[in-house]
Amino acid sequence: MSSGAVRTPVSQIIHNKDDQDVDDEPKKKSREDWRKAKELEEARKAGTAPAAVDEEGRDINPHIPQYISNAPWYYGSQGPTLKHQRPQHEDERGQLDKKAPKGLDTSKLVTKFRKGACENCGAMTHKKKDCLERPRKVQAKYAESIVVHDEHIVNDASINYDEKRDRWSSYDPSNHREIIEEYEKVEEAKRQLKAEKLKNDPDAEISGEEGNEDKYVDEVDMPGTKVDSKQRITVRNLRIREDTAKYLRNLDPNSAYYDPKTRSMRDNPNPAIPAEEAEFAGENFVRFSGDTTAQATAQLFAWEAHGKGVDVHLLAEPTKLELLQKEYEQKKEQFKSSTKTDIVEKYGGEEHLQAPPKSLLLAQTEEYVEYSRSGKVIKGIEKPKARSIYEEDVYINNHTTIWGSYWNAGRWGYKCCKSFIKNSYCVGMQEPEGYSEQQHTTTPSAASVAPPIADAAPQIPTEEDVGNQAVESEVDSAHSTEESSESEEEVKESKKSKKKSKKREKKKRAKEQRKNKKKHKEVKEKETTASKSKSKEISEEVDDRKRPYNSMYDVKAPTEEEIEEWKRKRTRTDDPMLQFL
């Protein structure tokens, strides 16, 4: 919203709705108007358009945010202004200090009922439902004569928002001092009367409102308290200073927790020392040891008995309560045993109630078994494994493991052959016979392509070997000069023969590869035609809806050729060149 938008109060719109025509009502801004206002605001910020001007002719900075430049709706501004952000004069702001008359207008006395006045009291300033006086026996409407004063009503048209909502309007601070002084006089008189009563009769009890101050003060002086009988004030100390503080019993920060707000330590600060021997064993020990539990159960029994009509009290009649509790427990046990015997006599099954001893139930024996660090049994007999109700070690389709024994890449399979197809026939992880030879024939040998590589790792020569080699080299150098001429001729002839043999081997391998390729193509074509013919025959013979599950293929042992083809087509996740295929 731009700073030049007019914000009319909602109350003013409703008030003037009847007086205005339809054309004069404020219209909702269209999208085009919003866009123009936004463009104007941006132009003002950029300095290409003149700034907005308030009612006094002063420019408004376009960079002032809207929450400062926009006046509140109740301010009643008719254009862009910053007057609501500037200090206002007394006449503009309104006089909050001026006192309007309140209460009854005693200047006028009315003795007759007027039309439109309150039917109960006869005042013109309110109606019967708003009257604060008590309902009269003879209402003012029907009384012959009345004496009534009207109330002061402030009808100031120039009153502003703050004056209208001023809680302390027409309040006189001087009245407050009078009220306080009167209250202090009454309190002082009460204190003097109380002191006189205590002087005359020290044992007298103060009842009623006078004794409310001492309602929660114990009659007996508790340890750590100090009661002043004259002033009836109880001063309670935090603890007796001779006692050791609870948080000093054990200075270890990991010991029992001390709550500083309630000054309590529930756990035992020294658990190594027995609770019976320790000076302080925690508040829970005091709470749940000795006769405290018996006292709590007796109190609970007294409450329940009183609720059922038995007149008994724990503190008034403790002996009677104890006898009643014993009698109640005896009858309760008798009733339990009688109901148990009745059920067994009626339905039978007493032999099932005779449970075996706990040692047998928990499978505890005296047989000694000793284990090693790895968990193997060194001495004794190992416990037999618990067998399930389901069939175990039942393998199908030549598998040696069950389905789900292998997991890889989010899929389950068989561990024996690493197959992910359920109910598939196990081929095994070993290569079948003839597979390695066939692979060698189909692919060129590594020896023909690459140079021979030494199998053994190179040995590092020692100092003695280096010396021996030097002597041998000197001896051989003489013989080598004589034989060099003869060896060169032999080398040339051998090279020529090797080249011819290599060419022959290459031609033979190329022919074999062509033959193998033709064989594989023929086998593939036969398999595809056979599978299609089988599926057509089955689909023609049996309706698809009545066809049994997995009836499109037979579960048989695969042939060597099928195994070979499956191994060639199988995707290997550990293959580094898989992503380039």
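Ranking Ile378, Ala256, Leu362 by Cα position along the charge dipole of the stretch 250-381, where only Lys, Arg, Asp and Glu carry charges on their C-beta atoms, puts Ile378 farthest toward the positive end. Residue by residue, the stretch 112-118 carries 3J(HN,Hα) couplings of 10, 6, 10, 5, x, 7, 5 Hz when phi is fed to the Karplus relation 6.51 cos²θ - 1.76 cosθ + 1.60 (θ = phi - 60°); x denotes Gly or Pro. Determine, at each q value in 0.18, 0.19, 0.30 (inverse angstroms), the log₁₀ of I(q)/I(0) that the Debye formula gives when each Cα of the stretch 106-150 is one equal point scatterer. Normalising to I(0) and taking log10 leaves -0.43, -0.49, -1.20. Amide H contacts of Ser264: Asp259, each under 5 Å away and 5 or more positions distant or on a separate chain (H built 1.01 Å from N in the peptide plane; Pro and chain starts excluded).
Here, each number is a calculation from the coordinates, and none is a lab measurement. Just so you know, these numbers come straight off a predicted model, no measurement behind them. As a convention, Cβ positions derive from the backbone with ideal geometry for all residues, glycine included, and neighbour counts pool all protein chains shown.
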